[in-house]
Amino acid sequence: MDLLTALVDKGLRRELPTRDEALAVLATPDDELLDVVAAAGRVRRRWFGRRVKLNYLVNLKSGLCPEDCSYCSQRLGSRADILKYTWLKPDQAADAARAGVAGGAKRVCLVASGRGPTDRDVDRVSKTIEAIKDQNEDVEVCACLGLLSGGQAERLRAAGADAYNHNLNTSEATYGDITTTHTYADRVDTVRQAQAAGLSACSGLIAGMGESDEDLVDVVFGLRALDPDSVPVNFLIPFEGTPLAKEWNLTPQRCLRILAMVRFVCPDVEVRLAGGREVHLRTMQPLALHLANSIFLGDYLTSEGQAGQADLDMIADAGFEVEGAQTRTLPEHRAAADCGSHVPGQAGCATGCGGHEGGVCGSHEPAVTVPAAQTVPDGEKAPGVRTDLVAVRRRGAGTDLPPNA
C-alpha cells in the first residue's frame with residue numbers, strides 16, 4: 001500500500017506525516033489492519049527494538065477533586081464508587097512503589113487528584129520522591145499533580161523528579177465540551193513549565209470520548225508540537241456515575257489504528273499503552289506491543305488492570321523483552337538533548353515530536369472527511385460492550401490489601 005510505504009519511510013526519517021495521511025490510517029478497513037500494524041511496527045522497532053518499558057502508578061490522593069473533567073471517576077460530582085483518601089505519607093507511597101519496582105517497573109508515576117498542587121503539596125511529594133529514591137536510586141520518578149504554578153516544576157526537579165505528566169487529552173476545539181474548570185491552554189502551559197525546568201515531559205490523550213477522527217489527529221499533532229518524550233495513549237474507561245458512562249465507541253481494531261497513527265506522527269517517542277487497554281483491546285493487547293513500547297504494570301488510579309504476571313507473560317509470549325533499569329529508553333538523538341533548554345529550529349531540538357514553540361511542521365492539506373465516532377443512545381449498549389471489565393480498584397495504595405504488581 002502506497003500510504004503505508006510513505007508512512008514507514010517518513011517514520012524512519014523522523015518526518016511528520018500529513019494530516020491526510022494520519023486521517024487515512026484511522027480510516028483503513030479491518031481487512032488492512034494487520035498491514036497497518038506491521039508498517040507501524042517497523043517504525044517502532046527502528047527506534048525501540050523489541051523492548052517494553054514498564055511503568056507503575058501510585059495514586060497519592062484519590063477522589064475529592066474540584067475539577068469537572070467528564071471522563072474522570074475522581075471528578076467533582078462523580079457518583080463512581082471509587083476509593084477516596086487524602087495524601088499518602090511518604091513511607092506509604094514508597095512501599096507501594098517498591099511493589100511495582102519489584103515487578104520490573106522502571107518508572108514510578110506519582111499521581112494526585114486536584115486542580116494543581118499547593119506549595120505544601122509539593123513539599124509532600126518531594127519527600128515522597130526522596131523516600132523512593134532512597135530505596136532505589138535507579139528508578140525514574142514522574143510526578144502528575146495537575147496544573148503547575150511558578151517555581152513548582154523547579155522544586156520537583158530539585159527533589160529528584162525525572163519527569164512530569166500532564167495530558168492534553170483531546171483536541172483544543174472540543175476541550176470545552178469535556179472540561180469547563182480549566183482550559184486546553186492551561187494544560188499546554190504546564191507541559192512547557194515542566195520542560196523549562198528540565199523535567200522530561202510526558203503528555204498524551206484519551207480516545208473514545210465521542211471525538212471525531214479529526215479531533216484525534218488534532219490532539220496528536222498538538223502533542224508533536226509540544227515535543228514530549230513520552231505519549232500515553234489512554235482509552236476511555238466509562239465508569240458508571242460519570243457523564244461519559246455510556247460512551248462505548250471503541251473496538252480493538254480502532255484502538256490499534258489509533259496507536260498506529262500516534263506511532264507514525266511521533267515515531268521516536270515513548271508511546272505508552274495506558275489506561276483502558278484491558279477493557280477495549282482485550283485479547284488483542286499483544287498486537288499493541290508492536291506499536292507501543294511502554295505499558296503500565298498492574299492497576300491504574302481507580303481501576304484494576306490485569307494481573308502483573310499476566311502482563312509479563314504477555315510481553316514474553318509476544319516476543320518482546322522488559323527494558324532493564326540500565327537501558328536508555330529514548331534513542332540517543334533524543335536522550336542527548338536537554339529537554340529543558342530546547343530552542344526551536346536548533347539542531348537536536350525538532351526531533352521526534354517536533355519543536356516546542358515552532359508549531360507543527362509538514363503539510364497542511366485539507367483534512368480528509370471521515371465519519372465521526374458514533375455515540376450510544378441512552379439506555380442502549382454498543383456491540384461488544386464489556387462492562388464486566390471495568391473493575392474499581394480495591395487494593396494497593398489507600399487500602400490494607402497488597403497491590404497488583
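Going by the conditions given, is residue 208 of a type in the set (Gly, Ala, Ser) and surrounded by fewer than 22 Cβ atoms within 10 Å (Cβ to Cβ)?
Details: of a type in the set (Gly, Ala, Ser): yes; surrounded by fewer than 22 Cβ atoms within 10 Å (Cβ to Cβ): no.
Criteria not met by residue 208.
Take the conditions under 16 Å from the mean Cα position of the chain (by Cα), modelled with pLDDT of 95 or more, outside any strand (DSSP E or B) and acidic (Asp, Glu) and apply them to residue 268. Does it pass? Outline the logic, then answer.
Details: under 16 Å from the mean Cα position of the chain (by Cα): yes; modelled with pLDDT of 95 or more: yes; outside any strand (DSSP E or B): yes; acidic (Asp, Glu): yes.
Taking the combined requirement at face value, the residue satisfies it.
Could you pull out the residue among 163, 80, 102, 96 that is closer than 21 Å to residue 184 by Cα and not β-branched (Val, Ile, Thr)?
Testing whether each residue is closer than 21 Å to residue 184 by Cα and not β-branched (Val, Ile, Thr) leaves just 163.
Could you tell me how many of the residues in segment 392-405 are in a loop (DSSP other than H, G, I, E, B), at pLDDT below 75 and of a type outside the set (D, E, K, R)? First the steps, then the outcome.
Pass one, segment 392-405, residues in a loop (DSSP other than H, G, I, E, B): 393-405.
Within this subset, residues satisfying the condition of being at pLDDT below 75 are 394-396, 398, 400-401, 405.
Cutting the leftovers down to of a type outside the set (D, E, K, R) gives us 396, 398, 401, 405.
Going through segment 392-405 one residue at a time, the tally reaches 4.
Answer with yes or no whether residue 96 is more than 21 Å from residue 12 (Cβ to Cβ) and either crowded, with 20+ Cβ neighbours inside 10 Å or polar (S, T, N, Q) (or both).
Details: more than 21 Å from residue 12 (Cβ to Cβ): yes; either crowded, with 20+ Cβ neighbours inside 10 Å or polar (S, T, N, Q) (or both): yes.
Yes: the conditions hold for residue 96.
Whether any residue in segment 95-104 is in contact with a helix residue (DSSP H, G or I) (Cβ under 6 Å, 6 or more places away or on another chain) and either at pLDDT 95 or above or of a type in the set (A, V, I, L, M) (or both) is what I want to check.
yes
Take the residues in segment 293-329 that are charged (D, E, K, R), in contact with a Leu (Cβ under 8 Å, 6 or more places away or on another chain) and assigned to a loop (DSSP other than H, G, I, E, B), then tell me which one is surrounded by the most Cβ atoms within 10 Å (Cβ to Cβ). First the steps, then the outcome.
Let us first name the residues in segment 293-329 that are charged (D, E, K, R), namely 299, 304, 311, 313, 317, 321, 323, 328.
Cutting the leftovers down to in contact with a Leu (Cβ under 8 Å, 6 or more places away or on another chain) gives us 299, 311, 323.
Keeping just the survivors that are assigned to a loop (DSSP other than H, G, I, E, B) gives 299, 323.
Details: 299: 26, 323: 22.
Of everything passing the filter in segment 293-329, 299 is surrounded by the most Cβ atoms within 10 Å (Cβ to Cβ).
Would you point out which residue out of 138, 162 is touching a residue at least 60 places away in the same chain (Cβ under 8 Å), over 23 Å from residue 62 (Cβ atoms) and acidic (Asp, Glu)?
On the way: 162 fails: touching a residue at least 60 places away in the same chain (Cβ under 8 Å).
Going through 138, 162 in turn, just one is touching a residue at least 60 places away in the same chain (Cβ under 8 Å), over 23 Å from residue 62 (Cβ atoms) and acidic (Asp, Glu): 138.
Is it true that residue 251 is closer than 29 Å to residue 29 by Cα, surrounded by fewer than 22 Cβ atoms within 10 Å (Cβ to Cβ) and without any contact (Cβ under 8 Å) to a residue 40 or more places away in the chain? Give the steps one after another, and end with the answer.
Details: closer than 29 Å to residue 29 by Cα: yes; surrounded by fewer than 22 Cβ atoms within 10 Å (Cβ to Cβ): yes; without any contact (Cβ under 8 Å) to a residue 40 or more places away in the chain: no.
So residue 251 does not fit the description; no.
Cβ contacts < 8 Å: first residue farther than 22 Å from residue 215 by Cβ and in contact (Cβ under 8 Å) with a residue 60 or more places away in the chain, restricted to segment 1-26; second residue outside any loop (DSSP other than H, G, I, E, B) and of a type in the set (Gly, Ala, Ser), any location; separation 6+ or different chain. Result?
11/40
Go over the candidates 32, 67 one by one and state the one that is closer than 30 Å to residue 320 by Cα and either surrounded by fewer than 21 Cβ atoms within 10 Å (Cβ to Cβ) or among the small types (Gly, Ala, Ser) (or both). Working first, answer last.
Values: 67 fails: closer than 30 Å to residue 320 by Cα.
Sole residue among the options that is closer than 30 Å to residue 320 by Cα and either surrounded by fewer than 21 Cβ atoms within 10 Å (Cβ to Cβ) or among the small types (Gly, Ala, Ser) (or both): 32.
Return yes when residue 285 is polar (S, T, N, Q), modelled with pLDDT of 95 or more and touching a helix residue (DSSP H, G or I) at 6+ places or on another chain (Cβ under 7 Å) and no when it is not.
Values: polar (S, T, N, Q): yes; modelled with pLDDT of 95 or more: yes; touching a helix residue (DSSP H, G or I) at 6+ places or on another chain (Cβ under 7 Å): yes.
Here the answer is yes, as residue 285 does meet what is asked.
The values are calculated or read from the model by the stated rules, or taken from the named source; none is laboratory data. None of the values given here were measured: they were computed from a predicted structure. So basically every Cβ, Gly included, is an ideal-geometry build from the backbone, and we count neighbours across all protein chains shown.
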